[in-house]
Amino acid sequence: MAFIQCNFFSETLSISTAMNVILPENTTNQIGMKSNRKREKIPVLYLLHGFSDDHTIWTRRTSIERYAASYGIAVIMPQVDHSFYTDMEYGKKYWTFLSEELPRVAQSFFPISDKREDNFVAGLSMGGYGAFKWALRKPEMFAAAASLSGALDIVGHLEIEREFHNPIEQALYHVFGERDIEETEEDLFYLVKRLKKEGAVIPELFQACGTEDFLFEENQKFLELAKKYDVPITTTFSPGEHEWDYWDQTIQEVLEWLPLSKNE
């Protein structure tokens, strides 16, 4: 596998930013590692970080490079600050950056596929919310999306955090201001209902959350909605908290679950 630390200028953000990228390569004599690049245009997983982290965290806290090697998949990990993958009320347009500029830039730099069946997105916590939001707002772009311990009920989450004066509440204020985001494109529950009403094809979803995680209840709430609207979803709710041992294990399950066999 090739590991690339990529710094580039974002026209959307009007600032230099960064992404870490893992690319498969065909190797025969690399000791202890099997890497398999199967195609000229490589399937890609956009892997999103959580609230307190950045684009480096997945490679620092997990063995994602080693896990991805045998699947012949690229992994792109962008930096989005505390944005909740949103065009911020008082800040930068990170949703536009993520959903429009990042794929275009990545495809211009690296030999990754632009086909829906080759594109996937996953993330943890804030990134789990971002992964599902990206897939549900751009269902034509992704075949599958995975949330690990995701902040999936952002409406309820925001109501609770607004009661406290802490760093998370302050960050959410910069993201959403005083807006009521219920029944808007920031609300995953609204997006599911809208897509079902429109008869749109929804990407396959994978939802994981530890049963001791403080976000477990809102993950259950999202699952109830998905079942009600017959959304294609795979779930794993096993013992675990909001921590990296759980995510390191679960990202392996995500890679195994991805419909990559369709891409061979």
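The values are calculated or read from the model by the stated rules, or taken from the named source; none is laboratory data. All values reported here derive from a predicted model rather than from experimental measurement. Please note: Cβ atoms are built from the backbone with ideal geometry, for glycine as well, and neighbour counts cover all protein chains shown.
One residue is enough: does segment 104-121 have a residue meeting the conditions of a type in the set (A, V, I, L, M, F, W, C), within 12 Å of the chain's Cα centre (by Cα) and farther than 19 Å from GLU11 by Cβ? Before you say what the answer is, go through the steps one by one.
Kept after step one, since they are of a type in the set (A, V, I, L, M, F, W, C), are these residues of segment 104-121: 105-106, 109-110, 112, 120-121.
Within this subset, residues satisfying the condition of being within 12 Å of the chain's Cα centre (by Cα) are 120-121.
Okay, now just the ones that are also farther than 19 Å from GLU11 by Cβ, so 120-121.
Looking for residues that are of a type in the set (A, V, I, L, M, F, W, C), within 12 Å of the chain's Cα centre (by Cα) and farther than 19 Å from GLU11 by Cβ, one finds at least one in segment 104-121, hence yes.
Counting only strands (runs of 3 or more DSSP E) wholly contained in segment 1-99, the ones carrying 3 or more residues that are over 17 Å from the mean Cα position of the chain (by Cα) and at negative phi occupy 2-10, 15-23. The set of residues in segment 73-96 being in contact with a strand residue (DSSP E or B) (Cβ under 7 Å, 6 or more places away or on another chain) and in contact (Cβ under 8 Å) with a residue 60 or more places away in the chain consists of ILE73, PRO78, GLN79, LYS93, TYR94, THR96. Among the residues of segment 222-248, which ones are without any contact (Cβ under 8 Å) to a residue 60 or more places away in the chain and hydroxyl-bearing (Ser, Thr, Tyr)? The answer is TYR229, THR234, THR235, THR236, SER238. How many residues are over 17 Å from LEU195 (Cβ atoms) and modelled with pLDDT of 95 or more when one looks only at segment 131-155? Looking only at that region, the number is 6. For segment 164-178, indicate whether the set of residues that are under 17 Å from LYS133 (Cβ atoms) and without any contact (Cβ under 8 Å) to a residue 12 or more places away in the chain is non-empty. No - not one qualifying residue is present in segment 164-178. For segment 115-158, the set of residues classified as touching a Ser or Thr at 6+ places or on another chain (Cβ under 8 Å), in a loop (DSSP other than H, G, I, E, B) and not hydrophobic (A, V, I, L, M, F, W, C) consists of SER125, LYS138, SER149, GLY150, listed by residue number.
Assess whether LYS93 counts as being of a type in the set (Lys, Arg), at pLDDT 95 or above and either touching a Leu at 6+ places or on another chain (Cβ under 9 Å) or buried (at least 16 other Cβ atoms within 10 Å of the Cβ) (or both). So LYS93 passes the test. In the set (1) in contact with a strand residue (DSSP E or B) (Cβ under 8 Å, 6 or more places away or on another chain); (2) farther than 23 Å from THR236 by Cα; (3) among the aromatic types (Phe, Trp, Tyr), the condition left unmet by PHE206 is number (2). With respect to the conditions (1) at pLDDT below 95; (2) touching a Leu at 6+ places or on another chain (Cβ under 6 Å), GLU159 falls short on a single one, namely (2). Considering the conditions (1) closer than 19 Å to GLN5 by Cα; (2) surrounded by 17 or more Cβ atoms within 10 Å (Cβ to Cβ), ASP54 is excluded by exactly one of them, (2).
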